Amino acid sequence: MESGDEVGTLGNAFNEMADELQRQTGQLQRSAATEATLRARMEAILQSMGDALIAADVAGTVVTFNRAAEEILRRRAQTVVRRPLADVMRGQAITGRTLAEAAMIGGATEGTLSRADGSPLAVAMTAAPLVDSSGEPVGRVVVLRDVSREHEAERMKSEFLANVSHELRTPITPIKGYAELMRRKKFPRAKEESFLAGILQSTERLERVVEILVDFAAMEAGRLKPRVEPVPVKDLVARLTDKWRERDGEHRFVRKIGPDVPPIMGDPKLLGRSPDELVDNAVKFSPDGGQIEISAEPYANGSRSARISRVRITVRDHGIGIEPEQMPDLFQDFRQGDGSETRSFGGLGLGLAYVKRIASVHGGDVIVESEPGKGSSFSLVLPAATAGRITDVTKRARKAK
Ligand SMILES: Nc1ncnc2c1ncn2[C@@H]1O[C@H](COP(=O)(O)OP(=O)(O)OP(=O)(O)O)[C@@H](O)[C@H]1O
Ligand SMILES: [Mg+2]
């Protein structure tokens with residue numbers, strides 16, 4: 001073989017090697033780029049998860065702590081990475097173990113997390129071992145979900161059910177008791193009448209609970225459509241005051257109606273119950289008696305104006321009043337100022353939520369003013385039956401015929 005050929009062969013071999021090397025480098029670069037993309041995607045997924053994700057290595061030190069974990073545990077990722085999981089995730093599982101111990105056991109559990117600022121948070125936790133591609137354990141992954149809302153909804157549901165049962169059961173006792181007494185024995189007429197009044201009052205109480213629940217369910221399902229017509233405010237307020245005077249001898253009911261109050265546009269049946277709920281509260285929350293004023297006046301964006309468009313019906317009491325921090329929750333469903341077991345006032349916690357909804361299906365509103373210890377005033381603001389509106393209703397009624 002000639003030496004020239006040997007050099008040529010060597011050259012070719014080198015060239016092939018160089019080509020191969022370049023191909024491999026290219027491949028490596030592409031894999032690295034793919035891996036970086038994958039890593040970035042994984043990171044983005046981890047960070048945008050709604051649940052908290054904490055990963056720990058085999059030694060139990062935190063290696064990953066996503067954004068939701070920062071929010072839920074109220075700790076910054078940079079302050080917890082490389083710290084023991086047991087230090088970072090404090091709290092108790094419902095099994096009685098610590099959350100960190102439950103995480104080592106794995107599986108799903110619930111518990112109470114103790115956050116960095118000491119505040120407790122109800123969480124659902126899932127923990128699993130983390131293994132590499134060859135199946136070797138490399139650590140643990142823990143996912144935590146804030147379940148405080150579910151717990152609150154659950155608590156409110158049971159409180160509501162307890163309240164409904166109580167409100168339904170309480171009036172049954174006098175109804176049954178008086179009826180049994182009257183069946184067993186003859187009583188003087190006056191006595192009988194007081195028993196009958198007791199039965200009637202308790203029946204009305206039952207009717208109220210049932211009607212509120214039925215209307216509420218209908219409103220929730222969007223099935224409650226008010227049948228509006230002009231309703232004379234004077235009659236409405238008079239009926240309300242008379243009813244309460246008859247029913248409750250402890251409070252003094254005073255009515256005040258301006259001479260120029262126009263009728264309101266509303267469903268007489270639904271509107272009957274709403275101011276009634278306001279008086280019911282006024283009575284209930286002024287336990288020491290006192291005066292309750294029921295008034296009606298024209299109302300146009302807070303000030304009287306030539307063109308009267310709305311009417312304000314106000315129920316004012318001089319009772320316990322409402323704390324400012326209670327105000328935002330006042331109209332929420334099932335919300336009561338005192339929701340504790342030992343609360344002194346009964347009720348469903350639906351009265352005001354009901355009034356607010358009835359007002360809004362009529363295009364109206366409820367305004368509240370209150371001072372703790374001094375009393376409260378609740379106003380139902382409803383559209384007035386102005387000439388134009390009355391014509392509209394007449395037209396609609398004619399069309400329906
Ligand atoms: N006139 C008032 N004075 C003081 N607090 C009031 C008054 N009206 C309402 N509240 C507060 O607002 C809360 C909610 O009232 P709401 O009428 O919705 O429920 P409730 O009266 O407790 O029960 P119910 O559903 O039987 O009416 C009450 O529990 C009470 O704390
Ligand atoms: Mg009430």
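The table below lists the values:
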{"read-out": "Candidate residues Lys284, Lys374, Lys191, Lys186: accessible-area rank, largest first, probe 1.4 Å", "value": "Lys186, Lys374, Lys191, Lys284"}
{"read-out": "Interchain or long-range residues, amide H under 5 Å from Val231's placed H", "value": "Ile264, Met265, Gly266"}
{"read-out": "Over the chain, relative contact order from alpha-carbon pairs under 8 Å, at least 6 apart, %", "value": "10"}
{"read-out": "Highest-first arrangement of 104-110, 376-382, where packing means the average Cβ count within 10 Å", "value": "376-382, 104-110"}
{"read-out": "Cα-based helix-to-principal-axis angle, 3-48 vs the chain, degrees rounded to 10", "value": "10"}
{"read-out": "Distant-in-sequence amide H partners of Val311 (H built 1.01 Å from N, under 5 Å)", "value": "Tyr299, Leu382, Ala384"}
{"read-out": "Ordering of 220-226, 354-360, 175-181, 119-125 by burial proxy (mean other Cβ atoms within 10 Å per residue, highest first)", "value": "354-360, 119-125, 175-181, 220-226"}
{"read-out": "Alpha carbon centroid spacing (whole Å) that separates region 201-217 from region 121-197", "value": "19"}
{"read-out": "Distribution of pairwise C-alpha distances over the chain, 10 Å bins, in %", "value": "4, 15, 18, 14, 13, 12, 10, 5, 3, 2, 2, 1, 1, 0, 0"}
{"read-out": "Listed residue pairs exceeding 21 Å between alpha carbons, taken from Lys225/Lys356; Lys225/Lys269; Lys191/Lys269", "value": "Lys191/Lys269"}
{"read-out": "Average Cα contact separation per residue, region 149-224, under 8 Å, 6 or more apart, as relative contact order %", "value": "35"}
{"read-out": "Amide proton proximity set for Arg115, modelled H, under 5 Å, gap of 5+", "value": "Leu121"}
{"read-out": "Which of Ala40, Val214, Val123, positive extreme of dipole for the chain (C-beta unit charges)", "value": "Val214"}
{"read-out": "Value at 222 nm in deg cm²/dmol, rounded to 500, when DSSP H runs of n ≥ 4 in the chain each add -39,500 (n - 2.57)", "value": "-16500 deg cm²/dmol"}
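The values are calculated or read from the model by the stated rules, or taken from the named source; none is laboratory data. Not measured: the values here are computed from a predicted model. Cβ coordinates were reconstructed from backbone atoms using ideal geometry, including for glycine residues, and neighbour counts include every protein chain displayed. Surface areas here come from the heavy atoms of the whole protein model, side chains and all, with no ligands, DNA or RNA. Shrake-Rupley method; radii C 1.70, N 1.55, O 1.52, S 1.80 Å.
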